[in-house]
Amino acid sequence: MKRRSGFSIMRRLIVELDSLAPIMAITITMGVLGYLAAIAIAVFGSVAIGTTLGDITFISFKSSIIVMLVCAVLRGLLRYAEQLSGHYIAFKILAILRDKIFTKLRKLAPAKLESKEKGNLISLITSDIELLEVFYAHTIAPIAIAILTNLIITIVLYLINPLFGILGAVFFLIVGFVIPYVSSMIAKEAGVEYRKDFAESNSYLLDSLRGLKEILLFNNGKKTLDKINENSINLNKSMHKIKDHEGIIKALTDLTVMIAILTFVAVGFGEYISGSISFSEMIIGIVIIASSFGPVVALSNLSNNLLHTFACAERLFDLLDEKPYVEEISGEETVESNSIEYSNVTFAYPGRIEDVLSNVSLDIKKGDKVALIGKSGIGKSTFVKLLMRFWDVNEGSIKIDNKNIKDIPTKSLRESQTLVSQETYLFDDTIMENIKIGNRNATNEEVIKAAKKASIHNFIETLPQGYNTKVGELGGLLSSGEKQRIGLARAFVNEGNVLILDEPTSNLDTLNEAEILKSIKENCMEKTILLISHRKSTTAVCDKVFKIEDRKIINL
């Protein structure tokens, strides 16, 4: 994917503000007035000296002191107002962006989630978006504030002496634009590299935590720890590049400011000697330039933060702009699933040359109980994922009720199908709520009935809080077999016409398998069943058995 420029990323981030623009205008106004108040404190101090020398007569010494005190109070109030409105915008826009990301992921799923590293996504949703707060609270407003404030200061300096105005404009541009621009161009790759290393480290750490039991069982602890240390070292190296660059830029900025002040002292003294300005005007000009670099120095310091921010924003926009493998179809339509027809279906996963399925055809009628068998990785799960439209076929078609599934509303298609996979995902919630995922409108009585069908009710009753027992993160407080039976209970409480079972009894013993199969047969008479299994005993519940071999489907 083509890399975005810093300006294009900034423009896109600003566009995301949309309705929050009026509040941003308030932030900028408060910021400009606040900086002017801060500068005025020092300026009116020099004015007070001018009144003592007799060079300044338009204001008294006492009035100058009063103005200084008023500006000091205003500076605090205006700064507070600027920060309040700025951070309101920042956290509001972060909520909006997170909503956009989750909405996009829902459209990209499930195909996207099968191919994307989970740790990378978590890093994007959490830390990457969080870093955008720097841009919205500490970048957009400071840029506008710096431009407006230093434009006003340049005009004031020009009115004192044209040479002051020209020199001020030059130094403001160097500190506020040239240094940040060159800085961002030089260190752009360092920021992207850091975010990449950060995401990879997150992903590996998350994967290691999930597989901690296996790591300990197979004595891979040292190897895993070494890899974590290696990732940490790479991360530190990336950070050191940015920090080294940050130090150089800060030193260069401070040097430029010092040169500017010394230049004003020399030029001001020359103008005073020539009689172009008074002594007080010389002092005021030097004080103004010395106290007015705050806004542009803030811009210079931003360049290092922007390395992270732009890298995060680019990853964010790459995801938001990504085209889904499957385009959702809107609308409401009842799907009866009276017939399912695979017609010359060919499919290969993106990025792979070899087909998983080739010219596969199969007719399934309502109420059919169909088993799919075959070696691991042969395409059994792919066969049903195409029916659920996780992916779209490359060639041929899949029709339900003589209508291409590409034309069936996605919501209606999902509601007509129920999947029980080999790995049942449980949320860190109660057993009752985990079963109700199959049907949010189900009553507690219907949940209990479904649990009895799945042979899990008696176990649940032995728990201290029964159906209100929490299962823990990833269902960690339950065994694999218990989780799988809760997955089956979800299927029984669901009202879909097609039940898709992907190794539904793989984590059950022979006795429990027999009970589950009996329950499926007795309670799913009207439903169409597609069952994937390696066990011959499991296929006994089906009246049709097919084998997938060499990318083809064979009737047994």
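The values are calculated or read from the model by the stated rules, or taken from the named source; none is laboratory data. In this text the structure is predicted, and so the values were computed from the model without any measurement. Virtual Cβ from ideal backbone geometry, glycine too; neighbours counted across all protein chains shown. Accessible surface is based on the protein model in full, side chains and every heavy atom, while ligands, DNA and RNA are left aside. Shrake-Rupley method; radii C 1.70, N 1.55, O 1.52, S 1.80 Å.
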Return the only residue of Ser60, Ser19, Ser64 being of a type outside the set (A, V, I, L, M) and either on the phi > 0 side of the Ramachandran plot or under 48 Å from the mean Cα position of the chain (by Cα) (or both). Ser19
Mind checking which residues of the range 69-107 are among the β-branched types (Val, Ile, Thr) and in contact with a Phe, Trp or Tyr (Cβ under 9 Å, 6 or more places away or on another chain)? Ile89, Ile93
Out of the residues in the range 453-463 that are part of a loop (DSSP other than H, G, I, E, B) and free of Cβ contacts under 8 Å to residues at least 60 places away in the same chain, state the one that is surrounded by the most Cβ atoms within 10 Å (Cβ to Cβ). Ile456
Conditions first: (1) part of a helix (DSSP H, G or I); (2) open to solvent by 20 Å² or more (accessible area, probe 1.4 Å); (3) charged (D, E, K, R). Asp55 passes all but one, so which condition is the exception? (1)
Conditions first: (1) among the aromatic types (Phe, Trp, Tyr); (2) farther than 28 Å from Leu530 by Cβ; (3) surrounded by fewer than 14 Cβ atoms within 10 Å (Cβ to Cβ). Tyr467 passes all but one, so which condition is the exception? (3)
Matching residues in the range 206-234 - criterion: being surrounded by fewer than 16 Cβ atoms within 10 Å (Cβ to Cβ) and either touching a residue at least 40 places away in the same chain (Cβ under 8 Å) or more than 22 Å from Gly476 (Cα to Cα) (or both): Asp207, Arg210, Lys222, Lys223, Leu225, Asp226, Lys227, Ile228, Asn229, Glu230, Ser232, Ile233
Is it fair to say Ala199 is surrounded by fewer than 17 Cβ atoms within 10 Å (Cβ to Cβ), among the small types (Gly, Ala, Ser) and out of contact with any strand residue (DSSP E or B) (no Cβ under 8 Å at 6 or more places or on another chain)? no
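Would you mention how many residues in the range 140-159 are hydrophobic (A, V, I, L, M, F, W, C) and modelled with pLDDT under 90?
7
Within the range 74-87, is even one residue assigned to a helix (DSSP H, G or I), over 34 Å from the mean Cα position of the chain (by Cα), farther than 23 Å from Tyr136 by Cα and at pLDDT 85 or above?
Checked the range 74-87: at least one residue is assigned to a helix (DSSP H, G or I), over 34 Å from the mean Cα position of the chain (by Cα), farther than 23 Å from Tyr136 by Cα and at pLDDT 85 or above.
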Would you check which residues across the range 313-333 are assigned to a loop (DSSP other than H, G, I, E, B) and farther than 25 Å from Phe383 by Cβ and list them? Asp321, Glu322, Ser330, Gly331, Glu332
Search result, residues across the range 402-416 that are modelled with pLDDT of 90 or more and surrounded by fewer than 18 Cβ atoms within 10 Å (Cβ to Cβ): Asn402, Lys403, Asn404, Lys406, Asp407, Pro409
All positions within the range 335-351 that are touching an Asp or Glu at 6+ places or on another chain (Cβ under 9 Å), assigned to a loop (DSSP other than H, G, I, E, B) and surrounded by fewer than 13 Cβ atoms within 10 Å (Cβ to Cβ): Glu336
Please enumerate the residues belonging to the range 8-36 that are surrounded by fewer than 21 Cβ atoms within 10 Å (Cβ to Cβ) and closer than 15 Å to Phe317 by Cα. Ser8, Met10, Arg11, Arg12, Ile14, Val15, Glu16, Leu17
Being among the β-branched types (Val, Ile, Thr), open to solvent by less than 30 Å² (accessible area, probe 1.4 Å) and in contact with a Phe, Trp or Tyr (Cβ under 9 Å, 6 or more places away or on another chain) narrows it down to one residue among Ile153, Ile166; which is it? Ile153
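Okay, residues lined up against (1) surrounded by fewer than 16 Cβ atoms within 10 Å (Cβ to Cβ); (2) part of a helix (DSSP H, G or I); (3) in contact (Cβ under 8 Å) with a residue 12 or more places away in the chain:
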| residue | (1), (2), (3) |
| --- | --- |
| Thr418 | no, no, yes |
| Thr424 | no, no, yes |
| Glu433 | no, yes, no |
| Asn441 | yes, no, no |
| Glu446 | no, yes, yes |
| Ala451 | no, yes, yes |
Would you mind stating whether Ile49 is assigned to a helix (DSSP H, G or I), out of contact with any Ser or Thr (no Cβ under 6 Å at 6 or more places or on another chain) and of a type in the set (Val, Ile, Thr)? yes
Name every residue in the range 516-536 that is in a helix (DSSP H, G or I) and under 44 Å from the mean Cα position of the chain (by Cα), in order of residue number. Ile516, Leu517, Ser519, Ile520, Lys521, Asn523
Here is a check on your reading of the model: is Ile437 more than 23 Å from Glu336 (Cα to Cα) and among the β-branched types (Val, Ile, Thr)? no
